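Novice: Sharing a structure with you now.
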Amino acid sequence: MMHTNGMWSHTKLTMCFLLFCIFVKKVFPAGDDTIIATKNGIVKGIHLPVLGGTVTAFLGIPFATPPIGRLRFKKPEPQKEWEGTWDATKYANSCFQLLDNTFPGFEGSEMWNPNTKLSEDCLYLNIWVPSPKPKNASVMVWIYGGGFYSGTSSLSV
């Protein structure tokens with residue numbers, strides 16, 4: 001009889017552990033990151049919910065060497081390869097620009113102000129891929145406006 005009770009306790013413990021693992025998998029799903037290889041190095045993106053679907057986003061990937069120091073006001077130089085994995089899970093810097101403070105607190109004007117750090121180091125791409133990835137998909141290139149006055153790729157407009 002004692003052996004049966006010990007086995008039942010072991011079975012209950014195993015079942016509780018399995019239920020706990022299922023709970024953890026549902027609450028903290030793995031695979032929120034996506035790793036890809038580019039000619040400049042490894043890039044880590046992130047899966048994001050968008051309009052009831054999912055996209056894989058690679059945010060803040062450099063497309064040129066930062067135009068700072070001796071490179072200021074010069075033709076952009078190609079981005080060199082990087083070591084390790086580039087974290088493309090958050091937006092990069094916005095270029096320097098005037099902030100719209102004409103109507104403080106008015107969402108209609110403040111929504112165009114950058115929501116990331118302002119810096120000369122601001123030559124970055126954001127790449128969005130539908131998930132699951134379709135066989136034949138169009139490519140859309142969006143160049144934000146602003147006429148060298150305002151604009152950034154990190155706005156949720």
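Quick grid of which residues meet (1) outside any loop (DSSP other than H, G, I, E, B); (2) touching a residue at least 24 places away in the same chain (Cβ under 8 Å):
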{"residue": "Gly105", "(1), (2)": "no, no"}
{"residue": "Asn115", "(1), (2)": "no, yes"}
{"residue": "Asp121", "(1), (2)": "no, yes"}
{"residue": "Leu125", "(1), (2)": "yes, yes"}
{"residue": "Trp128", "(1), (2)": "yes, yes"}
{"residue": "Asn136", "(1), (2)": "no, no"}
{"residue": "Val139", "(1), (2)": "no, no"}
{"residue": "Tyr144", "(1), (2)": "no, no"}
{"residue": "Gly147", "(1), (2)": "no, no"}
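Novice: Residues in region 48-64: is at least one among the polar types (S, T, N, Q), modelled with pLDDT under 95 and closer than 29 Å to Val129 by Cα?
Specialist: Yes, region 48-64 contains a residue that is among the polar types (S, T, N, Q), modelled with pLDDT under 95 and closer than 29 Å to Val129 by Cα.
Novice: Assuming Lys80 fulfils every condition listed in (1) within 22 Å of Ile42 (Cβ to Cβ); (2) under 18 Å from the mean Cα position of the chain (by Cα) apart from one, which condition is it?
Specialist: Here Lys80 clears every test but (2).
Novice: Just to be sure, is Phe20 loosely packed, with under 10 Cβ neighbours inside 10 Å, out of contact with any strand residue (DSSP E or B) (no Cβ under 7 Å at 6 or more places or on another chain), aromatic (Phe, Trp, Tyr) and modelled with pLDDT under 90?
Specialist: So Phe20 fails the test.
Novice: A further question follows. Could you go through region 61-70 and let me know if any residue there is farther than 26 Å from Ile46 by Cβ and in a loop (DSSP other than H, G, I, E, B).
Specialist: yes
Residues are listed down the side, and each one gets a yes or a no for (1) within 16 Å of the chain's Cα centre (by Cα); (2) modelled with pLDDT under 90:
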residue: Gly84; (1), (2): no, no
residue: Phe103; (1), (2): no, no
residue: Glu110; (1), (2): no, yes
residue: Leu123; (1), (2): yes, no
residue: Trp128; (1), (2): yes, no
residue: Asn136; (1), (2): no, yes
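Novice: Let me ask you something else. If we keep just the residues of region 72-127 that are of a type in the set (Phe, Trp, Tyr) and closer than 14 Å to Tyr144 by Cα, which is surrounded by the most Cβ atoms within 10 Å (Cβ to Cβ)?
Specialist: Ranking the qualifying residues of region 72-127, first place goes to Tyr124.
Novice: Can you confirm whether Pro67 is within 24 Å of Lys39 (Cβ to Cβ), over 14 Å from the mean Cα position of the chain (by Cα), at pLDDT 90 or above and surrounded by 12 or more Cβ atoms within 10 Å (Cβ to Cβ)?
Specialist: So Pro67 passes the test.
Novice: Any residue in region 87-99 that is over 20 Å from Asn40 (Cβ atoms) and within 17 Å of the chain's Cα centre (by Cα)?
Specialist: Yes, there is a match, as at least one residue in region 87-99 is over 20 Å from Asn40 (Cβ atoms) and within 17 Å of the chain's Cα centre (by Cα).
The values are calculated or read from the model by the stated rules, or taken from the named source; none is laboratory data. Just so it is clear, the model here is predicted, and its values are computed rather than measured. No Cβ is skipped: glycine too gets one built from the backbone with ideal geometry, and neighbour counts run over all protein chains shown.
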